[in-house]
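These notes concern the structure reproduced below.
Coordinate-derived values only; no laboratory data. In this text, all values refer to a predicted model and were calculated from it rather than measured experimentally. Note that each Cβ is placed from the backbone with ideal geometry, even for glycine, and that neighbours are counted across all protein chains shown.
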Amino acid sequence: MAELRERIGSSYAALEHTIGQLSDAQLTAPIDGSWSAKDLLAHIAAWEQITIHFHLGDRAFEDVTQLTSLPYATTAVDQINEAVYARDRDLSLAQVLQSFRSSHQELLAMLDQMSEADLFKTYTPTGRDPGRVIEWIIGDSYEHYDEHRATIARVLGE
């Protein structure tokens, strides 16, 4: 648990540092003709919410995402990502930053309630490959932060 929290904390801090160097205009401008940093932060927050409330919580995917026409079990992740983007693209930068930061805090609070044994429980959502709880947390936290921080850092020429 300590190692997981350290990895999440350091990757999140690096992402915050990167976005802290950008102006509002840079945060909202498309990167490489695609999603903006704002869109990527909304995407990260959305997947954290899916992990917290659907994968590890007791809420239905459709309730968490408000995407009632996309059943999780039979919808490709890329299609879910596009639907989440369409849902969130008109949110203000302030709304996205608030959601991104509060979702991270909610993830940390969830981890406070978990034991080491909880992390290694088997978890396989319908329609997906088998795995362990920790793999879902890693994929939607520090791996996700690192992946999208690299894209956002291109705005800075890194």
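Could you list Leu111, Leu41 so that the one with the fewest beta carbons within 10 Å of its beta carbon is first and the one with the most is last? Working shown, then result.
Values: Leu111 18, Leu41 26.
Lowest count first: Leu111, Leu41.
How many angstrom lie between the Cα centre of region 18-75 and the Cα centre of region 126-158?
The two parts, judged by their Cα centres, are 11 Å apart.
Rounded, prolate or oblate, given the Cα gyration tensor of region 90-158, with a/c below 1.5 counting as rounded?
Details: a/c = 2.18, a/b = 1.67, b/c = 1.31.
Judged from the Cα gyration tensor, region 90-158 comes out prolate (a/c at least 1.5, a/b above b/c).
Return one quarter of the surface area of the convex hull spanned by the alpha-carbon atoms of region 2-156, equal to its mean projected area, in nm². Numbers along the way, then the final one.
Details: hull surface 35.4 nm².
For region 2-156, the mean projected area of the Cα convex hull comes to 8.9 nm².
From the helices alone, meaning DSSP H stretches of at least four residues, give me the mean residue ellipticity at 222 nm for the chain, per-run term -39500 (n - 2.57), in deg cm²/dmol to the nearest 500.
-18500 deg cm²/dmol
Considering Cα pairs under 8 angstrom that are at least six residues apart, work out the relative contact order of the chain and quote it in whole percent.
Values: 146 pairs, mean separation 54.7, N = 158.
Averaging sequence separation for qualifying contacts and normalising by length gives 35 percent for the chain.
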